[in-house]
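A.B. asks: Before I ask anything, let me first share the structure, which is written out below as structure tokens.
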Amino acid sequence: MDKLIKSIAASGSFRAYVLDSTETVRIAQEKHQTLSSSTVALGRTLIANQILAANQKGDSKVTVKVIGDSSFGHVISVADTKGNVKGYIQNTGVDVKKTASGEVMVGPFMGQGQFVVITDYGTGNPYTSSTPLVSGEIGEDLAYYLTESEQTPSAVGLNVLLDENDKVKVAGGFMLQVLPGASEEEIARYEKRIQEMPAISALLESTDHAAALLKAIYGEDDYKILAEENLQFSCDCSRQRFEAALRTLAKTDLEEMKEEDHGAEIVCQFCGKKYQFTETDLEEMIHDKA
Ligand SMILES: [Zn+2]
């Protein structure tokens, strides 16, 4: 089971989340059959969304839209405050690696664009905020969003590592935030530590990567674990929801589906699940419209 650990420095001046999102990203890859770069871009977006959702209280939903102008198209994900996340990438087939190192490339294929965050507090009045993409690598884009849009100086590191068959080996990351009251001296010390931190991919490869991340963030400083929360890829789509959507179509559209296609198949874009509606189902919907 994937998990997110919430922690705070003993001084109360910094807080950090560390995440293991390996199963989440593995399931996303399986459901969407993504190739290497698309897997990493989608996976990083899911992790970013898990961080943003963990930042919310109550029963909220957070949608992240990474809207780039290059090969990936849009990456869309939705997470709730119970640890569920779902998402998809428009182009599942981007597969570009550096020849020398084999490193999967992401940023250049996201291109220019926006990092959009929509928070729904369940009041029916969602709040939308966005910042320009800084690099398209997602981690930096999230750090910029948190610092600029939410006015909380933040550092973020997240990544998805693939095995030799381009399957997900490990995925996760961290977010560190400066809290009000942090001294200049403390901020300088944490900044230096983050700059000198081993590469996120090296930390993720540690046997216990949550512990390795916490160690890299806090060094010799004392900290306290506040909470451990479970994370999972989970889609809340249902036959009822798609049926309700079909029922909003015009009667002529439903009649056309019945006559020409003898039914309807709807594929959930978030999880790939297929829902079949027979000719009889459509007939009933048409009948109810009359
Ligand atoms: Zn679904």
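A.B. asks: Which whole-number value in Å² is the accessible area per residue of the chain, probe 1.4 Å?
C.D. replies: Working: 14070 Å² over 290 residues.
Using a 1.4 Å probe on heavy atoms only, each residue of the chain averages 49 Å².
A.B. asks: Quick check on the chain: helices-only [θ] at 222 nm, where DSSP H runs of length 4 and up contribute -39,500 (n - 2.57) each and the sum goes over total residues. Nearest 500, please. It would help to have the intermediate numbers written out before the result.
C.D. replies: Working: 10 runs with 98 residues, N = 290.
Helices in the chain give a 222 nm mean residue ellipticity of -10000 deg cm²/dmol.
A.B. asks: Computing the accessible area with a 1.4 Å probe over protein heavy atoms, can you report the carbon and sulfur percentage for the chain?
C.D. replies: Values: 6740 of 14070 Å².
C and S atoms contribute 48 percent here.
A.B. asks: Something else now. Quick one: which residues, 5+ away or cross-chain, put their amide H under 5 Å from the amide H of H74? H built at 1.01 Å from N.
C.D. replies: Q90, N91
A.B. asks: Next question, about the same structure. If I fit a long axis through the Cα atoms of helix 279-289 and take the longest principal axis of the Cα atoms of the chain, what angle between them do I get, 0 to 90°, rounded to 10?
C.D. replies: So the inclination is approximately 90 degrees.
A.B. asks: Between the helical axis of 36-54 and the dominant principal axis of the chain, each derived from Cα atoms, what acute angle in degrees is found, rounded to the nearest 10?
C.D. replies: The angle comes out at about 80 degrees.
A.B. asks: Moving to a separate point now. Hey, what's the per residue convex hull volume over the C-alpha atoms of the stretch 10-140, in cubic angstrom? All intermediate terms of the calculation are to be shown ahead of the outcome.
C.D. replies: Details: hull volume 18.0 nm³, N = 131.
About 138 Å³ per residue, rounded to a whole number.
A.B. asks: Restricting to Cα pairs below 8 Å that are 6+ residues apart, what does the relative contact order work out to for the stretch 2-233? Please round to a whole percent.
C.D. replies: Values: 535 pairs, mean separation 66.9, N = 232.
Answer for the stretch 2-233 is 29 percent.
A.B. asks: Also: If one takes the longest principal axis of the Cα atoms in the chain, at what angle in degrees, from 0 to 90 and to the nearest 10, does the Cα axis of helix 22-32 lie?
C.D. replies: Taking Cα atoms only, the helix is inclined about 30 degrees.
A.B. asks: Nearest 0.05, what FRET efficiency do K97 and T278 give at R0 = 45 Å with Cβ-Cβ as r? Don't skip to the answer; put the middle values down first.
C.D. replies: On the way: r = 45 Å, r/R0 = 1.00.
Efficiency for this residue pair is about 0.50.
A.B. asks: Quick check on the stretch 2-233: of the DSSP beta bridges with both residues there, what percent are antiparallel, nearest 5%?
C.D. replies: Values: 57 of 59 bridges.
Taking every DSSP beta bridge with both residues in the stretch 2-233, the antiparallel ones total about 95 percent.
A.B. asks: Still on this structure, I have one more. Report, by chain and number, residues whose modeled amide H sits under 5 Å from the one on V94, excluding near sequence neighbours (fewer than 5 apart, same chain).
C.D. replies: The list, which skips near neighbours in sequence, is L35, S38.
A.B. asks: Can you check what the net charge comes to around A290, using other residues whose Cβ is under 15 Å from the Cβ of A290 (Lys, Arg +1; Asp, Glu -1)? Display every interim value, and only then the final one.
C.D. replies: On the way: positive: R247, K251, K258, K289; negative: D253, E255, E283, E284, D288.
Here the count lands on -1.
A.B. asks: Here is a follow-up. Quick check: net charge around G136, other residues with Cβ under 13 Å of its Cβ, Lys/Arg +1 and Asp/Glu -1? Walk me through the numbers before you get to the answer.
C.D. replies: Numbers: positive: R44; negative: D69, E137, E140, D141.
Charge balance in the 13 Å sphere: -3.
A.B. asks: Calculate log10 I(q)/I(0) of the chain for q = 0.14 Å⁻¹, where I(q) comes from the Debye formula with a single equal point scatterer on each Cα and nothing for solvent.
C.D. replies: Listed by q, the Debye log ratios stand at -1.02.
A.B. asks: Ignoring ligands, DNA and RNA, how do R193, R44 rank by accessible area with a 1.4 Å probe, largest first?
C.D. replies: Working: R193 45, R44 20 Å².
Listed by decreasing accessible area, they come as R193, R44.
A.B. asks: Placing +1 at every Lys and Arg Cβ and -1 at every Asp and Glu Cβ, with all other atoms neutral, what dipole size does the stretch 239-289 have around its Cα centre, in debye to the nearest 20?
C.D. replies: Numbers: 8 positive and 13 negative charges, 91 e Å.
With only Lys, Arg, Asp and Glu charged at Cβ, the dipole is about 440 debye.
A.B. asks: So what are the radius of gyration and Dmax for the Cα set of the stretch 166-270, in Å?
C.D. replies: Every Cα atom of the stretch 166-270 included, Rg and Dmax give 24.9, 73 Å.
A.B. asks: Suppose a student asked you for the relative contact order of the stretch 123-279, using Cα pairs under 8 Å spaced at least 6 residues apart; what percent would you report?
C.D. replies: On the way: 134 pairs, mean separation 17.6, N = 157.
Once normalised by length, the contact order is 11 percent.
A.B. asks: What is the magnitude of the charge dipole of the chain about its Cα centre, with +1 placed on the Cβ of each Lys and Arg, -1 on the Cβ of each Asp and Glu, and no other charges, expressed in debye to the nearest 20? Write down the numbers at each step before the final one.
C.D. replies: Numbers: 28 positive and 44 negative charges, 96 e Å.
It works out to roughly 460 debye.
A.B. asks: Something else now. Step through the table entries K61/K192; K169/K192; K3/K274, compare each Cα-Cα distance with 32 Å, and write down the pairs that go over it. Please report the intermediate quantities before stating the final value.
C.D. replies: Details: K61/K192 34 Å; K169/K192 29 Å; K3/K274 29 Å.
Check vs 32 Å cut-off fails for K61/K192.
A.B. asks: K251: which lysines have alpha carbons under 22 Å from its alpha carbon, excluding same-chain residues fewer than 8 sequence positions away?
C.D. replies: List returned: K289.
A.B. asks: Going by a ≥ b ≥ c, the root eigenvalues of the Cα gyration tensor, does the stretch 124-189 fall in the rounded group (a/c under 1.5), the prolate group (a/b larger than b/c) or the oblate group? List each step's numbers first, then the result.
C.D. replies: On the way: a/c = 2.55, a/b = 1.39, b/c = 1.83.
Oblate is the answer for the stretch 124-189, as a/c is 1.5 or above yet b/c matches or exceeds a/b.
The values are calculated or read from the model by the stated rules, or taken from the named source; none is laboratory data. Nothing here was measured: the structure is a model prediction, and the numbers come from that model. Note that each Cβ is placed from the backbone with ideal geometry, even for glycine, and that neighbours are counted across all protein chains shown. Areas reflect the complete protein model, heavy atoms only, side chains present, ligands, DNA and RNA absent. Shrake-Rupley method; radii C 1.70, N 1.55, O 1.52, S 1.80 Å.
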